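All remarks here apply to the structure that follows.
The values are calculated or read from the model by the stated rules, or taken from the named source; none is laboratory data. Predicted model only: the values in this text are computed from it and were never measured. Cβ coordinates were reconstructed from backbone atoms using ideal geometry, including for glycine residues, and neighbour counts include every protein chain displayed. Side chains included, ligands, DNA and RNA excluded: accessible areas come from the protein's heavy atoms. Shrake-Rupley method; radii C 1.70, N 1.55, O 1.52, S 1.80 Å.
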Amino acid sequence: MYNAKYIMPGLVIFLGLITFPLWFNVLSCTRYEAPQLALPEDQQECIIDAKVMRAEHMTLLNDWRDKYVRDGEITFTAANGKIYDMSLMNTCMSCHTNKEQFCDSCHTKNSVYPYCWECHIAPRGNQ
Amino acid sequence: MAFFISLILVLTLCAASYYGAEAGMQWLFGMTIPYLAIAGFVCGFAYKIYSWAKSPVPFRIPTTGGQQYSHEWIKNDPLDNPHTVSWTVGRMLLEILTFRSLFRNTEVVIHRTEDGPRVAYNSARWLWLFALIFHYCFLVIFLRHFRFFMDPVPFFVRGLEFMDGIFQIGAPRLYQTDVLILAAVGFLLLRRVFDQKVRYISLISDYFPLLLIGGICLSGIYMRYLSKTDINAVKTYVMGLFTLSPVSAEGIAPIFFMHLFLVCALLLYFPWSKLMHLGGVFLSPTRNLPNDSRMRLHVNPWKPPKKYHTYEAYEDDFREFMVEAGLPVDKPLDKADA
Ligand code: HEM
């Protein structure tokens, strides 16, 4: 092997970097726990089926904002005919009262930083 | 033909993993193959570099685009024709980070003039531009993916995500790199398909990686913006893989396993393909050697000791026969014996 004193360090650094998550997680004995959501205790149903909500909540909120701000539409009719205010603060957060224990528990683990909270004030439970 | 074979290959990989995962083979596409692919990539990459490092590079290969360093009063071009190690490092950095060689790409065109056809060489920078976009988008996307691989998420991810989605289009926020990489892969592909001269020299090994990477990006984009795969379940699953304690793949859509399997195919294919230019660019003799052929004595490094058989010794061996045959000799027979 020629020029090993340059090539070997280069190779080791590259392979070390590219496999970093693997050996770092193993060596640091990382244990990952799926986030636990604090669900509202006094409510049984969400405005949409929870499964759909999990996938589509960001689209829904984005739509709500545009409809509310631009088209003046202020209510949302659920599949069962119930009518809700199109409001993050007054509808969503009235049940999910704690941003840290609800929104953030998934968002932070998955590096999701929505800009909702640049305007809205996050409720912090009963504190 | 090569294009369609590659397309069918990639579609087969997609279908196999999608329907395989749907039929309950998540362990195969989600665990066995990823581990194999990582091992295969690491070993294959190391082996390839080793096999290249075995070839000696005994002398400088100065393919230069600039004036060599000589006298003080002749202006030299140290980045194009470096004579020291540090300038050579500069040339390598520019090559690797900005694809400088590709910037010099030209195209041949034929102008029809009154005096008949005339050949001209134009600079053709589209290839450079889209290749650059492609590589940097790939890098950013790859780095952003570290949010799935580590916990807590590494520090650089948040900034990258912020910059990448800075236009705040839609929710989930549209990443510029997603749009740009599709445009770039599209350009690189269409260039091969519609430019006759390039199509003529394009092989399966040219189309296949492009289509494979295109498939990876499309499936990823589909997961993020359209089908909205359950990211939480994915992170839990991927962290299981990366802590060597795999968990069940409950609740993850087959499209994720397709995305993952295409990535594994890329990893396994990588070391044996032209994609190895990732490592190879560092070993390019025309880029990584200073042009100091005339300043230093370069000794052949594996020069074997030579055995010489001089004319004198030759004559000693055959003198009698030479004299017999009437050939002239330096030392006559009687003197040689003494
Ligand atoms: C060569 C490597 C890879 C490339 C080029 C790639 C490309 C992409 C692209 C372009 C997206 C669209 C969204 C975005 O840009 O973040 C995406 C999303 C995604 N990728 Fe990859 N990917 C790669 C490797 C992986 C690996 C190894 C995994 C998991 C083990 C993975 C899991 C995902 C998931 C779960 C999404 C959806 C993200 C979301 O919904 O926000 N990808 N990928």
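Please grab the % of Cα pairs in region A:50-126 that end up more than 18 Å from each other.
43
Just list whichever of B:LYS54/B:LYS197; B:LYS54/B:LYS274; A:LYS51/A:LYS82 have alpha carbons separated by over 30 Å in the model shown.
On the way: B:LYS54/B:LYS197 35 Å; B:LYS54/B:LYS274 19 Å; A:LYS51/A:LYS82 19 Å.
Check vs 30 Å cut-off fails for B:LYS54/B:LYS197.
Cα-Cα over 32 Å: which of B:LYS75/B:LYS303; A:LYS5/B:LYS75; B:LYS307/B:LYS335? Show your work: numbers first, answer last.
Values: B:LYS75/B:LYS303 36 Å; A:LYS5/B:LYS75 34 Å; B:LYS307/B:LYS335 27 Å.
Beyond 32 Å: B:LYS75/B:LYS303; A:LYS5/B:LYS75.
Kindly report, to the nearest 10 Å², the accessible surface of A:MET53 as traced by a 1.4 Å probe over protein heavy atoms only.
In the full protein context, A:MET53 sits at about 30 Å².
Rounded to the nearest 10 Å², what accessible area does B:ILE204 have for a 1.4 Å probe in the complete protein model?
Looks like 60 Å² after rounding.
Expressed as a rounded percentage, what relative contact order does region B:199-327 have, with Cα pairs under 8 Å and six or more residues apart?
RCO, region B:199-327: 22 percent.
Students sometimes get this wrong: rank A:LEU11, B:LEU28 by accessible area, probe 1.4 Å, all chains present, largest first.
So, going from the largest accessible area down, we get B:LEU28, A:LEU11.
Averaged over peptide B:31-42, how many Cβ atoms belonging to another chain are found within 10 Å of each residue's Cβ?
1
Answer with one residue from B:PHE282, B:GLY66, B:LEU143: the one whose Cα lies farthest towards the positive end of the charge dipole of region B:2-283, charges on Cβ with Lys, Arg +1 and Asp, Glu -1.
It is B:GLY66.
Summing -39500 (n - 2.57) over the DSSP H runs of n ≥ 4 in the protein assembly as shown and dividing by its residue number, what mean residue ellipticity at 222 nm do you reach, to the nearest 500 deg cm²/dmol?
Helix-only estimate at 222 nm: -16000 deg cm²/dmol.
Could you please put A:HIS120, B:HIS259, B:HIS298 in sequence from largest to smallest accessible area, using a 1.4 Å probe? Please list the in-between numbers first.
Values: A:HIS120 75, B:HIS259 25, B:HIS298 55 Å².
Largest accessible area first, the residues go A:HIS120, B:HIS298, B:HIS259.
Shielding of A:33-44 by partners, i.e. mean partner chain Cβ atoms within 10 Å per residue?
Partner Cβ neighbours, averaged per residue: 1.
Once the Cα gyration tensor of region B:109-240 is found, what semi-axes does its equivalent ellipsoid get, as square roots of 5 times the eigenvalues, in whole Å, sorted largest first?
Taking √(5λ) for each eigenvalue gives 39, 16, 13 Å, largest first.
With every protein chain left in place and a probe of 1.4 Å, what is the accessible surface of A:THR97, to the nearest 10 Å²?
Roughly 60 Å² of A:THR97 is accessible to a 1.4 Å probe.
Averaged over peptide A:18-25, how many Cβ atoms belonging to another chain are found within 10 Å of each residue's Cβ?
For peptide A:18-25, the averaged partner shielding equals 6.
First obtain the Kirkwood hydrodynamic radius of region B:45-133 from its Cα pairs, then insert it into the Stokes-Einstein equation at 37 °C and 0.692 mPa s, and state the resulting D in µm² per second as a whole number.
Details: Rh = 16.6 Å.
Here the translational diffusion coefficient equals 198 µm²/s.
No solvent, one uniform scatterer per C-alpha: report log10 I(q)/I(0) for the protein assembly as shown via the Debye equation at q = 0.07, 0.09, 0.11, 0.12 1/Å, two decimals.
Here the Debye-derived log intensity ratios amount to -0.56, -0.81, -1.07, -1.19.
Show B:VAL179, B:VAL185, B:VAL109 ordered by accessible area, largest first, where the area counts protein heavy atoms only and the probe is 1.4 Å. All intermediate terms of the calculation are to be shown ahead of the outcome.
On the way: B:VAL179 80, B:VAL185 10, B:VAL109 35 Å².
Result, largest first: B:VAL179, B:VAL109, B:VAL185.
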